[in-house]
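Colleague: If you scroll down you'll find the structure; I have some questions about it.
Just so you know, all these numbers are worked out from the coordinates, no wet-lab data involved. In this text the structure is predicted, and so the values were computed from the model without any measurement. Cβ atoms come from the backbone with ideal geometry, glycine included; neighbour counts cover every protein chain shown.
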Amino acid sequence: MNNNNNEKVLSIRDWRYRLADNKRVSYDICRGKITAIYGSNGSGKSLLVKSIAEVFDYPSGKIERFFNFEDCGILLQSPESLIFREYIIDEALLIVGDDIKLAELLLSRIGVSKDRPSLKLSDGQKRLLFIYGYLMSKKVVIFDEPFVSIDSVSRDEIERAFLESKEAGVDIIYTANRRDHLRIADDVLDFNEIFND
């Protein structure tokens, strides 16, 4: 399912997260796509995302990024640990780059008033804040398990937002551990196939 004829967002060559593993990941993620990194829990999907974000020192391989980090939004699995502003409007401004109209639009999208204390948001609302904020303000987004702590209605809305953002030119990469979360993906990097062969 990998289309190598397109301009690359990422190029992964011989990546592995444990020296004891003989199997390695080599894959190109292309622009204009929604790419899912699929695998069971513990397969290494999150470690690949952390490697892309340069917060995990992987023992071998090479990852080339064809984007500036300023243009990229990366959401790891625990968004609650990323919220530190007292009021949600200040957090929204931080996410979208100090654009008050965009921040207000973001809060409207998740149904939260701007004077609400940040700590009063549920984990699902915090996740939505980052997902929609990055989709509105970044050129490349990488989400680790974006559908965790999200109800089915919100999941459907996120999938629609992914498709709309793709049409607007946003490159989307996300991890998933359930096959039904792959239905909008153009390409799938399947860790189960790589590491369970």
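Colleague: Taking +1 at the Cβ of each Lys and Arg and -1 at the Cβ of each Asp and Glu, which of V112, N192, V170 sits farthest along the dipole of segment 96-197 towards its positive end, judged by Cα position relative to the Cα centre?
Modeller: V112
Colleague: Using 18 Å as the Cα-Cα cut-off, could you pick out the over-long pairs in K139/K166; K50/K166; K45/K126; K45/K166; K114/K139; K33/K139?
Modeller: K50/K166; K45/K126; K45/K166; K114/K139
Colleague: Let me ask something else. What per residue convex hull volume, in Å³, do the alpha-carbon atoms of the chain yield?
Modeller: Dividing the Cα hull volume of the chain by its residues yields 115 Å³.
Colleague: Same structure again: Assuming 0.36 nm per residue, please report the length gained on full extension of the stretch Q77 to E164 beyond their Cα-Cα distance.
Modeller: The Q77-E164 span can extend by a further 29.0 nm.
Colleague: Based on other C-beta atoms within 10 Å, arrange R160, R109 from fewest to most.
Modeller: R160, R109
Colleague: Dipole of the chain, Cα-centred, from +1 at each Lys and Arg C-beta and -1 at each Asp and Glu C-beta, to the nearest 20 debye?
Modeller: Roughly 240 debye, rounded to the nearest 20.
Colleague: Sticking with the crude label model, points 7 Å out along Cα→Cβ, report the distance from D186 to D151 in nm, one decimal please.
Modeller: 3.2 nm
Colleague: For segment 30-79, with only Lys/Arg (+1) and Asp/Glu (-1) charged at the beta-carbon, what is the dipole magnitude about the Cα centre, in debye rounded to 20?
Modeller: The calculated dipole for segment 30-79 is roughly 240 debye.
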